[in-house]
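> A single structure is presented below for examination.
The values are calculated or read from the model by the stated rules, or taken from the named source; none is laboratory data. Keep in mind that what you see is a predicted model, and the values were worked out from it rather than measured. When we count neighbours, we look across all protein chains shown, and the Cβ atoms used for this are built from the backbone with ideal geometry, even at glycine.
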Amino acid sequence: MGLFNRFTEGLAKTRESFREDMNLLLNRGPEVDDEFWDGLEEALIMSDMGGYSASTIVDKLRNEAVRKGYRNAYDVLDALNEQVAEEFVEGSQGFLDEPCIVLFVGVNGSGKTTTTGKIAKQAKDAGRTVVLGCADTFRAAAIEQLEVWAERAEVEICARERGSDPASVCYETIERGEQVGADLVLIDTAGRLHTSADLMRELEKVVSVVRKRANLPVKLVLVIDATTGQNGLQQAREFNDALDLDGVVITKLDGTAKGGIAVAVAHYLKLPIVKLGVGEGLEDLKDFDALEYAASLVGDFGRE
């Protein structure tokens, strides 16, 4: 199944919810008036794009409608996909292609460990030399889960017993990566609440150790569960303030009508979306494409 079809299926709940809102609006007629613009902005907000993102998109569309002489609401909706896509910053394509060390961070349950494992498998299948590190030493299941992915991907993993110092695990992982000539080192960190100052300081220590010891560029990637909606945006802000993130992975898009959260995160933080999770399978962790994402999010509206 192609990338577009995966996006289309994974974003079905968001798209259906948006379509319901827009159909109610279109039933009153295709006039492009204040009521239409207010309704469009509300529909975008309901998809969890956030008020500021939605307002920006609508303002740009209003200006475009005047400039290009759009005759009705369908003309506006035809232009919506491209306007949504423009909210995303460059940098998604090829984010992990060059040799690098990637630290995955985020709250508990966001999908960090699974994401780390899936990326390892995809990279190994593409012919790269990968080493995994399990710096989530607080949750025993995380170690076992990542070990399963390491076996599946046929890559090395550095792990210690539960309760070990996570910074030491990172150090050993980078050393092992050097020894085997790895061009991709992926490290899973412990989930932590963005509201916990102590835990965030500990994570800052881990990041500092990795950056000082690294022999390759270091990238910090936040993994967000899409079902958390605007709370995910708040998580992203807190983690970015503390760590200066490089990119974002958004998971579980297939289980929510809040798929617009990717737009909100990209808009507020100006960070590239690295991957999107639209299902449980390995093939359901997809590279991000702004236009295809926007088309799958908004859908197509027929004309009467």
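> Sort through Ile157, Ile187, Ile174 and tell me the only one that's touching a Leu at 6+ places or on another chain (Cβ under 8 Å), surrounded by 13 or more Cβ atoms within 10 Å (Cβ to Cβ), farther than 30 Å from Tyr268 by Cα and β-branched (Val, Ile, Thr).
Unique residue meeting the criteria: Ile157.
> Could you tell me which residue of region 1-33 is modelled with the highest pLDDT, considering only residues that are of a type in the set (Lys, Arg) and more than 13 Å from Ala43 (Cβ to Cβ)?
Lys13
> Return the pair list, or none, for Cβ contacts closer than 8 Å from residues in region 12-39 that are free of Cβ contacts under 8 Å to residues at least 40 places away in the same chain and closer than 23 Å to Val263 by Cα to residues that are charged (D, E, K, R) and assigned to a helix (DSSP H, G or I), at least 6 apart or on different chains.
Pairs that qualify, where the first residue is free of Cβ contacts under 8 Å to residues at least 40 places away in the same chain and closer than 23 Å to Val263 by Cα and the partner is charged (D, E, K, R) and assigned to a helix (DSSP H, G or I), are Asp21/Glu42; Trp37/Arg62; Gly39/Asp21.
> Can I ask one more? Scan Asp284, Asp289, Asp244 and give me the residue that is more than 21 Å from Glu204 (Cα to Cα), of a type in the set (Asp, Glu) and in contact with a strand residue (DSSP E or B) (Cβ under 8 Å, 6 or more places away or on another chain).
Asp284
> Sticking with this structure for a sec: List every residue pair whose Cβ atoms sit under 7 Å apart, with the two residues 6 or more apart in sequence or on different chains, where the first one lies in region 172-200 and is under 15 Å from Ala153 (Cβ atoms) and the second, anywhere, is modelled with pLDDT under 95 and among the basic types (Lys, Arg).
These pairs meet every condition: Asp188/Lys112.
> If a residue has to be farther than 20 Å from Gly50 by Cβ and without any contact (Cβ under 8 Å) to a residue 40 or more places away in the chain to count, how many in region 265-304 make the cut?
4
> Need pairs with beta-carbon distance below 8 Å; first residue closer than 13 Å to Ala123 by Cβ and without any contact (Cβ under 8 Å) to a residue 60 or more places away in the chain and within region 147-162, second of a type outside the set (A, V, I, L, M, F, W, C) and crowded, with 22+ Cβ neighbours inside 10 Å; sequence gap 6+ or separate chains.
Trp149/Thr113; Trp149/Thr116; Trp149/Gly117; Trp149/Lys118; Ala150/Gly117; Arg152/Gly117; Ala153/Gly117
> Another question, then. Would you mind telling me which numbered condition in (1) part of a loop (DSSP other than H, G, I, E, B); (2) modelled with pLDDT under 90; (3) surrounded by 15 or more Cβ atoms within 10 Å (Cβ to Cβ) Thr195 fails?
Among (1) part of a loop (DSSP other than H, G, I, E, B); (2) modelled with pLDDT under 90; (3) surrounded by 15 or more Cβ atoms within 10 Å (Cβ to Cβ), Thr195 violates only (3).
> Which of the residues belonging to region 97-146 are in contact (Cβ under 8 Å) with a residue 40 or more places away in the chain, over 19 Å from Ile224 (Cα atoms) and among the acidic types (Asp, Glu)?
Glu98
> From the list Glu204, Glu161, exactly one residue is out of contact with any Lys or Arg (no Cβ under 8 Å at 6 or more places or on another chain) and assigned to a helix (DSSP H, G or I). Which is it?
Selected residue: Glu204, the only one of Glu204, Glu161 that is out of contact with any Lys or Arg (no Cβ under 8 Å at 6 or more places or on another chain) and assigned to a helix (DSSP H, G or I).
> Can you name every residue in region 227-269 that is closer than 16 Å to Asp287 by Cα and either in contact with a helix residue (DSSP H, G or I) (Cβ under 9 Å, 6 or more places away or on another chain) or among the basic types (Lys, Arg) (or both)?
Val248, Val249, Ile250, Thr251, Lys252, Leu253, Asp254, Gly259, Ala262, Val263, Ala266
> Working carefully through the options Met49, Met22, find the one that is within 30 Å of Leu203 (Cβ to Cβ) and not aromatic (Phe, Trp, Tyr).
It is Met49.
> Does Gln230 fit the bill of being surrounded by fewer than 21 Cβ atoms within 10 Å (Cβ to Cβ) and under 30 Å from Asp75 (Cα atoms)?
yes
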